[in-house]
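The structure under discussion appears below in the form of structure tokens.
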Amino acid sequence: MNKILILNANPVKESFCEAIATTYYKEAISAGHEARIVHIADVEFNPSLYGGYKFETPVEDSLKRQQENILWCEHLVIVTPNWWSGVPAVFKGFIDRVFLPHFAFAYKSNGMVEGLLKGRSARVFITQDSPKFWSRCIVGDPLWRMLKRGTLSFCGIKPVSRTIFCIVRKSDEKQRAKWLQETKELAKKGE
């Protein structure tokens, strides 16, 4: 059984992302996994990394708890909407403030990067209102490239898988139930 951390990156309460995250959490627990769930909307922190990594920005206790959650987990699940071909601004701020140098990655003496979060896998659930071909082919899949390559793999988290649910705005209850069933199946397996 896995230790699973579920991050709901959608700042909107009672969103479909929240339904996915909660469904995954409940199903993982009932399947015997250890699981924790975090709704980004409930984490109080300043999402701006003023000065980049040039200056050390004090890390709030709420973000230290999130770092502890990440170190605890073996499998990380991120549920995010695709907004403007990226993640919501508050979740980008969460990444900037939590996945810090010397916690998530370090630079080697030769200038290469070492991911410090090895030994973990991840799944990203993406909800979007456009068809898959639009995000993949027309705009070049920027959200996925950023999360998979630019963040998770960069920090040593591998493998990273994704599940895309679209076109959410036009979906009915039957379609959403089907997506939540798919979510349950992945949660049972801890994937």
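Mean sequence separation of contacting Cα pairs (under 8 Å, at least six apart), scaled by the length of the chain, corresponds to a relative contact order of 26 percent.
Normalising the Debye intensity of region 24-117 to I(0), with uniform scatterers on Cα atoms only, and taking log10 at q = 0.17, 0.23, 0.25 Å⁻¹ returns -0.90, -1.33, -1.41.
The residues of the chain expose, per residue, 52 Å² of accessible area to a 1.4 Å probe.
Dipole magnitude for the chain: about 640 debye, using +1 per Lys or Arg Cβ and -1 per Asp or Glu Cβ, origin at the Cα centre.
Could you tell me the relative contact order of region 105-191? Use alpha-carbon pairs under 8 Å, at least six residues apart, and round to a whole percent. Value for region 105-191: 38 percent. Relative to the longest principal axis of the Cα atoms of the chain, helix 89-98 runs at roughly 40 degrees.
Taking the longest Cα principal axis of the chain as reference, the axis of helix 173-189 is set at about 50 degrees. Extending 7 Å from Cα along the Cβ direction at residue 174 and again at residue 132 yields two label points whose distance is 2.1 nm.
Between 0 and 90 degrees, the angle of helix 16-30 with respect to the longest Cα principal axis of the chain falls at about 90 degrees.
A Förster radius of 22 Å, combined with the Cβ-Cβ distance separating residue 12 from residue 189, puts the computed FRET efficiency at roughly 0.20.
Whenever you get a sec, compute what percent of the accessible area on the chain sits on carbon and sulfur atoms (1.4 Å probe). Carbon plus sulfur share of accessible area: 52 percent. Straight-line reach from residue 188: taking Cα to Cα under 14 Å and skipping same-chain neighbours fewer than 8 places apart, the aspartates and glutamates in range are 27, 34. Only lysines eight or more places from residue 13 in sequence, or on another chain, were considered; those with a Cα closer than 19 Å are 26, 92. [x] 0.94; [y] 0.96; [z] 1.02: which one is Rg/Rh (Cα atoms, Kirkwood Rh) as calculated from this entry? Recomputing Rg/Rh (Cα atoms, Kirkwood Rh) here gives the entry labelled [y].
The values are calculated or read from the model by the stated rules, or taken from the named source; none is laboratory data. Just so you know, these numbers come straight off a predicted model, no measurement behind them. Cβ atoms come from the backbone with ideal geometry, glycine included; neighbour counts cover every protein chain shown. Protein only, heavy atoms only, side chains kept; ligands, DNA and RNA dropped before computing areas. Shrake-Rupley method; radii C 1.70, N 1.55, O 1.52, S 1.80 Å.
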